[in-house]
1. Keeping to the range A:80-125, report how many residues are outside any helix (DSSP H, G or I) and either hydroxyl-bearing (S, T, Y) or more than 26 Å from A:R153 (Cα to Cα) (or both).
2. Take the range B:1-48 and flag every residue that is within 20 Å of B:A109 (Cα to Cα) and in a strand (DSSP E or B).
3. Could you tell me which residue of the range A:35-74 is surrounded by the most Cβ atoms within 10 Å (Cβ to Cβ), considering only residues that are outside any helix (DSSP H, G or I) and in contact with a strand residue (DSSP E or B) (Cβ under 7 Å, 6 or more places away or on another chain)?
4. Do the conditions hold for A:N164, that is, is it more than 27 Å from A:R410 (Cβ to Cβ), in a loop (DSSP other than H, G, I, E, B) and at the interface with chain B (Cβ under 10 Å from one of its Cβ atoms)?
5. Where the second residue is of a type in the set (D, E) and in a helix (DSSP H, G or I) and the first is assigned by TED's automatic domain parsing to the domain that holds A:S115 and lies in the range A:55-69, which pairs have Cβ atoms under 8 Å and are six or more apart or on separate chains?
6. I'm trying to understand the selection: among the residues of the range B:40-65, which are of a type in the set (S, T, N, Q) and within 7 Å of chain A (Cβ to nearest Cβ)?
7. Out of contact with any Asp or Glu (no Cβ under 9 Å at 6 or more places or on another chain) and surrounded by fewer than 19 Cβ atoms within 10 Å (Cβ to Cβ): is that true of A:K264 in this structure?
Amino acid sequence: MGSNTTEAHPIIANRMKKAVKSGLKIIVIDPRGIDMVKVAHRHLQIEVGADIAFMNGMMHVIIAENLYDEKWVQQHTTDFEKLKEKVRGYTPEYTSMITGLRESDIIDTAREYASANNSMIAYTLGITEHHCGVNNVFDIANLALLTGHIGRRGNGIMPLRGQNNVQGAGDMGCLPNLLTGSRPVTDHEYRKRFENYWGVEINPNVGDTQTRTFEKMENGDVKALYVIGENPLLADVHLNHTKGLLEKLDLLVVQDIFLTETAKMADVVLPAKSWGEVEGTYTNTDRRIQRVREAVIAHQNVKEDWEILCELSKIMGYEMNYQNSEAIWEEVRHLAHEVYGGITYNRLDKEYSIHYPCPDENHPGTFVLHERLHQNAKENQTKSPFVPVSYTPPVEVPDEEYPFTLTTGRRYETYNTHTQTRYYASGVKLKQTEETVDIHPEDASALGIENGDIVEVSSRRGSLTVRAKLTEQVVPGLVFMSFHWHEVPTNVLTINEYDPISGTAEYKACAVKLSKIT
Amino acid sequence: MTNSLTKAVKTICGYCGTGCGLILEVENNQIIKIRGDKEAPVNKGQTCVKGAFAYKYVHAKERLTEPLIRKNGELQSSTWEEALQFIATKLSGVKSKWGPDAISMFACARTTNESNYVTQKFMRTVIGSNNIDGCNRT
């Protein structure tokens, strides 16, 4: 659901496709006819942003047809009545109207998902990059919880993570609300543990997300920004706005391996070591900790990220001294022992990967989370609440002036802002070497656009020129672009509307118009 | 020092979150080939086009090899000493004038757990703010 798995997570897609041969049924829920549709049992070509209506519609059917285990729901969950009330109105007829899907497809999917022994939902940014991204995720959880498809092997919810260590970065505490080990900074006891070890008092207030930081840059509350290995100027929505905000700063530090578009705006740029030049660990999408090793010796004048921060820290009066990455990992293991206590470099060398939580060295790691949901409920055991949510349409819907919905995503051979994938080994034939706007042949024909024509794409925030690619992957009324190439900065078009809880922007839907350049 | 002998180094792919195990073949301090690691539990020897072939950036001549400081509107070559001292002075200045929450950090979802741990520790100890976030929202 909302995952173009073959292009964004090719190896996971391979494993899914292999499983199809041994009987796995895949249902693809995506506005585009993505490659995964070829092996799918069913493709639900949903309207962009109609996910909640669809899932509420599924739950309506599941409850109406009694396809859930009432006793289990009673034992392990709370607020079922609220959920029931919320989805009451999402009849197949109403759901069909909003989602553009056939009633029978909604009903069949609900029956199949609920009745199968094992069902899993894999999703990615097609779910989260909406103004209602958090509600979308809540509804996935509601669905899994209602049907008990969680806490057993072959079941559950699987967010496929986009960057090699986006999971790990958050788990380590690079989030405004969480300390290392993913416990809240507001948890007094847990914070105390870190304060004692670090010898400082930690600010007990939750910090700002990136989104909030941009707002605070706008009103002048944030004066200095330190960016490590990220290119927010190209990657974030409403590019022209982001640029103005970065210009306002008193200090912009960028630590990176290339002089990215963001680095070009910096006051100071620091050269960092790259993948292949460093030792350490990454945490992958299913919570595996794995060892990353130095293969080549870096240029003598570049330093590793942690090394730079330790040196800066020392100048600013706080000593951080580590011999090597393992010494840092030992500190992580010690402080967040519930999660990482049993994961040593030595074990990783022998076992390849260990799933956290792994509290001690005799613990095998945790392959499946939430198994308690299938054990007899203990007295006073915390129950899992349903969080009923309502469908809300995209903030900017097409109108007469801007008649198309633009949805954005990634392409197979390129990675994010393309600073690294510009450098392929020689001899590799690439299918796509520049950005295109992917448009349905019917729409193209109405606008007099042919495959390969240069067109202007405009939104209320900006415009750009790009080559058109005619494809039936998109439906009429929908166009698709990625943000990989700086020559075509797609995020000048996207809208700066955010989910109020996560701060994630609505990359997946904004209104645009197209015209042929003659 | 460079070593002309070919060596093979096991590591994890640096692109998406799948976490494929790779074997890097290295000659003269250059990655010359990448293979999927058959022992890797995630990919069992498979690779995608990015993981297997999009590695030349490590050796690109455009890599940054010295700190840069903006002087008279232009980014100019500098030394580590000067660059870090400049940042330290600026950050300390902002912190004492506007408070720690006038400083924000965008951490990196591509770098190691170890570097990320130190990054958040830097913000919470040296700066005194929880204004740290990553690209997990983009």
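The values are calculated or read from the model by the stated rules, or taken from the named source; none is laboratory data. Every value quoted in this text rests on a predicted model; they were computed, and no experiment measured them. FYI the Cβ positions are ideal-geometry reconstructions off the backbone, even for glycines, and counts take in every protein chain you see.
1. 10
2. B:T11, B:I12, B:G21, B:L22
3. Among residues in the range A:35-74 that are outside any helix (DSSP H, G or I) and in contact with a strand residue (DSSP E or B) (Cβ under 7 Å, 6 or more places away or on another chain), the one surrounded by the most Cβ atoms within 10 Å (Cβ to Cβ) is A:V48.
4. Spelling it out, it is not the case that A:N164 is more than 27 Å from A:R410 (Cβ to Cβ), in a loop (DSSP other than H, G, I, E, B) and at the interface with chain B (Cβ under 10 Å from one of its Cβ atoms).
5. What qualifies is A:M55/A:D139; A:N56/A:D139.
6. Answer for the range B:40-65, where residues must be of a type in the set (S, T, N, Q) and within 7 Å of chain A (Cβ to nearest Cβ): B:N43, B:Q46, B:T65.
7. Spelling it out, A:K264 is indeed out of contact with any Asp or Glu (no Cβ under 9 Å at 6 or more places or on another chain) and surrounded by fewer than 19 Cβ atoms within 10 Å (Cβ to Cβ).
Rundown of residues vs (1) more than 20 Å from A:Y498 (Cβ to Cβ); (2) more than 7 Å from chain B (Cβ to nearest Cβ); (3) assigned to a helix (DSSP H, G or I), yes/no style:
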| residue | (1), (2), (3) |
| --- | --- |
| A:V134 | no, yes, yes |
| A:L146 | yes, yes, yes |
| A:H149 | yes, yes, no |
| A:P176 | no, no, no |
